[in-house]
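Note sheet for the following structure.
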Number of protein chains: 4
Amino acid sequence: MVIVLKKDATQQQLQEILNMIKELGYQAHVIQGTERTVIGAVGSGRGKDKLQAMENLPGVENVVPILQPYKLASIEIKPEKSVIPIRGALSVGGNAIVVMAGPCSVESREQIIQTAQAVKEAGACILRGGAFKPRTSPYSFQGMEEEGLLLLRDARDATGLPIITEIMKPQDIDLICKYADIVQVGARNVQNFPLLKELGKIDKPVLLKRGMMTTIEEFLMSAEYILSSGNSKVILCERGIRTFETATRNT
Amino acid sequence: MVIVLKKDATQQQLQEILNMIKELGYQAHVIQGTERTVIGAVGSGRGKDKLQAMENLPGVENVVPILQPYKLASIEIKPEKSVIPIRGALSVGGNAIVVMAGPCSVESREQIIQTAQAVKEAGACILRGGAFKPRTSPYSFQGMEEEGLLLLRDARDATGLPIITEIMKPQDIDLICKYADIVQVGARNVQNFPLLKELGKIDKPVLLKRGMMTTIEEFLMSAEYILSSGNSKVILCERGIRTFETATRNT
Amino acid sequence: MVIVLKKDATQQQLQEILNMIKELGYQAHVIQGTERTVIGAVGSGRGKDKLQAMENLPGVENVVPILQPYKLASIEIKPEKSVIPIRGALSVGGNAIVVMAGPCSVESREQIIQTAQAVKEAGACILRGGAFKPRTSPYSFQGMEEEGLLLLRDARDATGLPIITEIMKPQDIDLICKYADIVQVGARNVQNFPLLKELGKIDKPVLLKRGMMTTIEEFLMSAEYILSSGNSKVILCERGIRTFETATRNT
Amino acid sequence: MVIVLKKDATQQQLQEILNMIKELGYQAHVIQGTERTVIGAVGSGRGKDKLQAMENLPGVENVVPILQPYKLASIEIKPEKSVIPIRGALSVGGNAIVVMAGPCSVESREQIIQTAQAVKEAGACILRGGAFKPRTSPYSFQGMEEEGLLLLRDARDATGLPIITEIMKPQDIDLICKYADIVQVGARNVQNFPLLKELGKIDKPVLLKRGMMTTIEEFLMSAEYILSSGNSKVILCERGIRTFETATRNT
């Protein structure tokens, strides 16, 4: 952390800040600038939140973090590319581009099997289809639930395509894992932390979609929830964000 | 719905669109404009999603909905102000402004009771404090859980202030309802539909916070989830949205 | 225009609205829906602003425009692609992708000529470089002005690459047109309407950059300013917009 | 500036960075952290842009500026509140709230004089009205120009209210200053730097509106353009920004 003092910070304020840094288990390095005094706090203490909170102390202008908050999701910890095995020889994250395609919702046997065949012919490697649907309106169709999962399985049997489908609540994990090759977390659940923690305990790949309001840093922190709970098979899915522009659905 | 045709829509395309509107159970009114033909689809059918999907038909430029998608949350259904009783004589939504205040997290008995006394003296009517915390980082303090709820109860006993606390997953509903006077849904869960549906089945007031990227229409649709599941005690909480400006946390 | 009435609009309000539509030179078509009455106003009058302003009348819920506000910039007026001749055989808007490249600012003879040679070798067809620079800070380098234009001309002589450079105020038009093959309007000036009007009177291609908060509709309306003043050689330049995400400069 | 090195920066990279800092006229203070090396660059050199550009050097992760880029607009330079005298005893920026009100455009003598009387009665202290209008569409009414300024003057004579009106291009400065008590820069021109520079040379108060895409920092930098050109009478006008929300015009 770098702590920037106010222009008019007093010597006494400086001393109190230095004492507090020391108490939190960090070493303080003071740099007297021409207009400002800046303090570098060095150490690997557990007091990061408290260092950050020093922003509210008298004499402090702001506190600038130096390190990224994500660890396991960082290329510093794991510089090589992550390659996630899916089913058979198929994996995501290598040199080949893997296209997942399919309808928004599973609606009928005929619909999902015909679509599976069509997307396979068009070159897709994975079939997507929703059985549990997060809908903005409570009056919209909410998905076929387990019946939809069974139809997805039939479509996989018919085409050989692995399947990905969305999960919305922790209670559905066992059911969905019984059928899906990849479990999808939708954009609205990207910060549903209880769900992410549970998905960290399974042994299936999880595809995490970026929320419409999620910064890249928050997105990686959500991946960190899954990774730090023990599941390293996380696939990130960019899907555009919400902006002022309404001419397209996402930007 | 109003269906706007393309400038170069053919007579045959128009006829097919009219047939489809009729099949969906609506009456079609055609208006021949100087530059465009516009069709009004009148009726109360269940085919609204399908009318909207006509946007993809040849000859159609766009489909404009006339009615708002929310019903129970609309002042058309319920023109009078909603007044939600909380505890004793206290209610939210009347003429008096009700301030809810307290710490982000419950951290200790001393902290929460002192804070409760302070906010009461300052004029607040309801004590807020988190026992289950949605934190961007899995490494941050996640709340005291049930122990925090017990401390909130003690603070209510000490001051008489009703308490509000956040819920993060359906499994915690019974536990939280045992202690809380108001159940809070945080910004990140504003579109956690399984949670909202369950909260529609309880008999406690629910305070729903607007998400940082939630439109007013989506916000009302989330309220509609709770309302349409049977709980009419919904309190909406505006809390600012995320924009390009970083000088303040929310705009 | 489609005028949507409030659910509780009275018969008298409806009548007044119909009278006003007629006075503005439009024909009114009334559609009685199951929940709302909707009026289509048909005609090519000059009263569009006043129709739109009916939104404020008692009994009116909202007014929905049917036609886009841009005319000359619309593919309805000119369905074929616009191909803008630049210099010699080079044109923009055909099948070939034309890359314009070069430094932010012209800084010295050596810099601009070396860069011109490098971008030409790399496949660029047009040299870009700023002589007048819009800088957020008044203390930053503001460009070499005419001296920079002379150096751009020298770089064109040395490489054969046509040159594009930015204009910031109407007074500089003659000077810049003396040297530039394309006049660039920067993102900050996309709604500098006096400048756009003047650029509508010249016989040079104008490259209009989208502003960081410009909707596609506003962008086309800015093009309309140039087009409607008589210059049809408008090149639109998408350059990303400003969003909440700070990990990249634009989204 | 604080320069943060990459985790794997080499000793040689560090040395090159230190040499460059010294060459730019700054002193370097190295802090060896547990995970990162951080360098504080101290001094008041003119090399700030070049320090910032070190972000692209091998071994550098990012460069964090410590000081704000605005000077004259900063409360550090001028801690007391700015009170801008308008006309007679009236000033803006003191304890009294000064309301400026009036129509978007001046449309007729009757309209502007009646409006002036109405806003005066309602408590406004300054009359606003546009004679030159920045309109998104070239087909919309663009203002009465000088005739509108004359009508504003008449309204001031009739009511005693000082007047504020918008400027759109440097060529109109003399004309507008002849009539206006405050010159308004609209949101679309907040980064029209040639205009701001010219307004820095006049002796009238300038009201600068925040653009819909302007950060607070950019807004202050635009004020800095006027201030650094010699005019200290700058009034900042917040007017909301553009966001994803379309339920209100601005947020």
Shortest first and in nm, the label-point separations between A:I75 and its counterparts in the other identical copies (7 Å out along Cα→Cβ) come to 3.7, 4.2, 5.3
What do you get for GluC sites (Glu not before Pro) in the stretch C:64-130 restricted to DSSP loop and a cutoff of at most 15 other Cβ within 10 Å of the site's Cβ?
C:E76, C:E80
Ranking B:G160, B:T246, B:V83 by how far each Cα lies towards the positive end of the charge dipole of chain B (+1 on Lys and Arg Cβ, -1 on Asp and Glu Cβ), the top one is B:V83
Mind sorting A:R135, C:R210 by how few other Cβ atoms lie within 10 Å of their own Cβ, fewest first?
A:R135, C:R210
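Translational diffusion coefficient of the protein assembly as shown at 10 °C, 1.306 mPa s, Stokes-Einstein with Kirkwood Rh over Cα pairs, in µm²/s as a whole number.
Using the Kirkwood radius from Cα pairs, D works out to 48 µm²/s.
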Above 34 Å lies some portion of the pair distances; for chain D, what is it as a whole percent of all C-alpha pairs?
36
Where does each of C:D8, A:D49 land when they are ranked from fewest to most other beta-carbon atoms within 10 angstrom?
C:D8, A:D49
I need to check one value: relative contact order of chain A, counting alpha carbon pairs closer than 8 Å and at least 6 residues apart, in percent.
13
Per DSSP, loop trypsin sites (Lys or Arg not before Pro) in the stretch C:25-110 with at most 12 further Cβ within 10 Å
C:R46, C:K81
Which of the lysines could a cross-linker span from D:K178 if the Cα-Cα distance has to be under 27 Å and same-chain partners fewer than 8 positions apart are dropped?
C:K169, C:K197, D:K120, D:K133, D:K169, D:K197, D:K201, D:K204, D:K209, D:K233
Shortest first and in nm, the label-point separations between B:D49 and its counterparts in the other identical copies (7 Å out along Cα→Cβ) come to 4.2, 4.4, 5.7
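Where nothing but the Cβ of Lys and Arg (+1) and of Asp and Glu (-1) is charged, how large is the charge dipole of chain A around its Cα centre, in debye to the nearest 20?
Taking the Cα centre of chain A as origin, the dipole is about 140 debye.
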Could you tell me which residue in chain A puts its beta carbon nearest the axis mapping A onto B, with the distance rounded to whole Å?
A:M213, 1
Using Cα positions and a limit of under 18 Å, work out the lysines in reach of D:K6, with same-chain residues fewer than 8 apart set aside.
A:K71, A:K78
Distance from a point 7 Å along Cα→Cβ of B:I75 to each backbone N in the stretch B:224-240: keep the residues under 18 Å and list them by number.
B:224, B:234-238
Quick check on the exposure proxy: order D:E145, B:E218, A:E23 from fewest to most C-beta atoms within 10 angstrom.
A:E23, D:E145, B:E218
On alpha-carbon atoms, Rg over Rh for the stretch D:2-64 using Kirkwood Rh?
0.92
What is the dipole size for the stretch A:1-54, taken about its Cα centre, with +1 at each Lys and Arg Cβ and -1 at each Asp and Glu Cβ, in debye to the nearest 20?
120
Could you bin all the Cα-Cα distances of the stretch C:190-251 into 5 Å bins starting at 0 and give me the percent of pairs in each, rounded to whole numbers?
4, 20, 27, 20, 12, 8, 6, 3, 0
Per-residue ellipticity at 222 nm for chain D, helices alone: DSSP H runs ≥ 4 residues times -39500 (n - 2.57), over residue total, nearest 500 deg cm²/dmol?
-8500 deg cm²/dmol
What base-10 log of the normalised intensity I(q)/I(0) is obtained for the stretch A:1-114 from the Debye formula, alpha carbons as equal point scatterers, at q = 0.13, 0.14, 0.20, 0.22 Å⁻¹?
-0.64, -0.68, -1.05, -1.17
What are the extents of the Cα atoms of the stretch C:43-102 along their three principal axes, in Å, largest first?
60, 28, 16
In whole angstrom, the spacing between the Cα centers of the stretch A:172-250 and the stretch B:9-42 equals 42
Simple spin-label estimate for C:N19 and D:Q111 in nanometres, 7 Å along Cα-Cβ:
2.2
About the Cα centre, and with charges only on the beta carbon of Lys, Arg (+1) and Asp, Glu (-1), how big is the dipole of the protein assembly as shown? Nearest 20 debye, please.
0
Could you grab the Rg to Rh ratio for the stretch B:81-129? Cα atoms only, Kirkwood for Rh.
1.04
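Roughly what % of DSSP beta bridges within the stretch D:84-237 run antiparallel, to the nearest 5?
15
Values quoted throughout were computed directly from the atomic coordinates according to the rules given, and no laboratory measurement underlies them. These numbers were taken from a predicted model, which means no experiment stands behind them. So basically every Cβ, Gly included, is an ideal-geometry build from the backbone, and we count neighbours across all protein chains shown.
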